[in-house]
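The values are calculated or read from the model by the stated rules, or taken from the named source; none is laboratory data. All figures in this text were calculated on a predicted structure; none of them were measured in a lab. Every residue, glycine among them, receives a Cβ derived from its backbone with ideal geometry; neighbour counts consider all protein chains shown.
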């Protein structure tokens, strides 16, 4: 009917098969064991909500409203007690090693009851993704094992992701914007390390974290070429916490200010700089772009799951209200207009879930952690106890060669088409799912009428929380432009995205 070469040529035409059919491609390649893991993770999340979140979200939100400086350690310690902070850390670093494909459904379930509680867990993994994206195996191993040890001792050890600055939110997330002069966190090379001066803002859970994955620049005017990634621990001289932002939503998930004043970061705490990347074939700017693409491809899928959680939570509250409330002598849910509205909300939640699931499939096959989904490696890690892996992996992770070969694979041998696919889909699912979450939040209030604005009805909190999802991890507007850059622009020869005329 059609030859193999013809099939290949036709499916390479835009839109490409690989860009369109992520879940279908994953059907044969993804280990079947992942399905069982996701089922277990969803069940764990629902049990956590039943036993804890459902009975505490209202009190927690009011507590944060009355005292914005309150630190919700009780939530962090509860999650730490349940080993939530090592669930998705690979076993080679001492973690539980659950598939990263399961983090979306896990966070969606928890977030459908309280976005703040879900974010107190999820944002820790943004720190982990930033740490892992440097491919500094020694430091990644060291920090992750502190997280695991913190679960054993009952002293939580979280990671924050410190990138946003007072004049650089989106500007710090794209190489095209990094050189426009808005970056200010300066890393001056001195003997034995770097001296850092600058401020980071809106750092999720900064005050609750022990380690901070810091992005600074030896020449802020040329940020894309001079980025330095560091791991800074609480207690480091010159590092301190500033204010906590007073936000409209997700109040218990703190937005922290981190202040660096002549903060000395020794060379052995530097995750990646020009010196460490000198032996790679890519330029410093290209490495920066690749690192950011890997981080956002993973983290935006996570935010999409948060958006789906808002869509799901709003639908569930609207359905509950419609089932319990009578209008004109009969349950509201029996009215045709209400049924149509609930069906639309159910559709929005389903679309959001399908979006982030597709993004997760694509990221699992083509993204930063794709090697963990290779079937032989996956099953070896799944069934080998950490106690047997540790004596092997600890010394291997400390070897300079391990970091070098990891970076050669991750930076020099990477498929640029796969980077476009994962980064583009990360943006696509982020704005799709978070828009669905916001839409369902509005619809829930419309369906509930005046009752919807009551704090006790839950819907108004979901709406406040949902708005933030559209803003962080890159605004939905900038994510739309990134979809054009990564997935559409190549079909329009001569068209530039993020070009100088638009900056």
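Some observations on this one:
- Test: residue in the stretch 90-113 that is touching a strand residue (DSSP E or B) at 6+ places or on another chain (Cβ under 8 Å) and closer than 24 Å to residue 398 by Cα: no
- Counting the residues of the stretch 149-170 that are crowded, with 20+ Cβ neighbours inside 10 Å and in a helix (DSSP H, G or I) gives 1.
- Filter pass, residue 394 being in the same structural domain as residue 294 (by TED's automatic domain parsing), over 17 Å from the mean Cα position of the chain (by Cα) and part of a helix (DSSP H, G or I): yes
- Screening 113, 123, 76 for residues that are surrounded by fewer than 24 Cβ atoms within 10 Å (Cβ to Cβ) and either outside any loop (DSSP other than H, G, I, E, B) or touching a helix residue (DSSP H, G or I) at 6+ places or on another chain (Cβ under 9 Å) (or both) leaves exactly one candidate, 76.
- Failed criterion for residue 33 (all others in (1) modelled with pLDDT of 95 or more; (2) touching a helix residue (DSSP H, G or I) at 6+ places or on another chain (Cβ under 7 Å); (3) surrounded by fewer than 19 Cβ atoms within 10 Å (Cβ to Cβ) hold): (1)
- In the stretch 401-427, of all residues being over 30 Å from residue 484 (Cα atoms) and free of Cβ contacts under 8 Å to residues at least 12 places away in the same chain, the one that is surrounded by the most Cβ atoms within 10 Å (Cβ to Cβ) corresponds to 405.
- Residues that are closer than 15 Å to residue 434 by Cα and surrounded by fewer than 20 Cβ atoms within 10 Å (Cβ to Cβ) within the stretch 477-491 comprise 477, 478, 480, listed in sequence order.
- Take the conditions (1) under 30 Å from residue 288 (Cβ atoms); (2) buried (at least 24 other Cβ atoms within 10 Å of the Cβ); residue 103 misses just one of them, which is (2).
- The single condition among (1) touching a strand residue (DSSP E or B) at 6+ places or on another chain (Cβ under 6 Å); (2) farther than 24 Å from residue 280 by Cα that residue 155 does not meet is (1).
- For the stretch 83-110, a residue qualifies if it is assigned to a loop (DSSP other than H, G, I, E, B) and in contact with a helix residue (DSSP H, G or I) (Cβ under 7 Å, 6 or more places away or on another chain), and the qualifying residues are 83, 84, 85, 86, 88, 89, 90, 94, 95, 97, 98, 99.
- One residue from 441, 452 being touching a helix residue (DSSP H, G or I) at 6+ places or on another chain (Cβ under 6 Å) and closer than 20 Å to residue 302 by Cα: 441
- Options 416, 435; residue that is modelled with pLDDT of 95 or more and on the phi < 0 side of the Ramachandran plot: 435
- Sole exception among (1) part of a strand (DSSP E or B); (2) surrounded by fewer than 24 Cβ atoms within 10 Å (Cβ to Cβ); (3) in contact with a helix residue (DSSP H, G or I) (Cβ under 9 Å, 6 or more places away or on another chain) for residue 141, by number: (1)
- Residues that are outside any loop (DSSP other than H, G, I, E, B), over 23 Å from the mean Cα position of the chain (by Cα) and either closer than 21 Å to residue 141 by Cα or touching a residue at least 12 places away in the same chain (Cβ under 8 Å) (or both) within the stretch 64-73 comprise 64, 65, listed in sequence order.
- Residue tally, condition surrounded by fewer than 19 Cβ atoms within 10 Å (Cβ to Cβ) and at pLDDT below 90, over the stretch 177-207: 3
- Only one entry in 222, 251, 237, 246 is outside any strand (DSSP E or B), closer than 29 Å to residue 310 by Cβ and either assigned by TED's automatic domain parsing to the domain that holds residue 62 or more than 20 Å from the chain's Cα centre (by Cα) (or both), namely 246.
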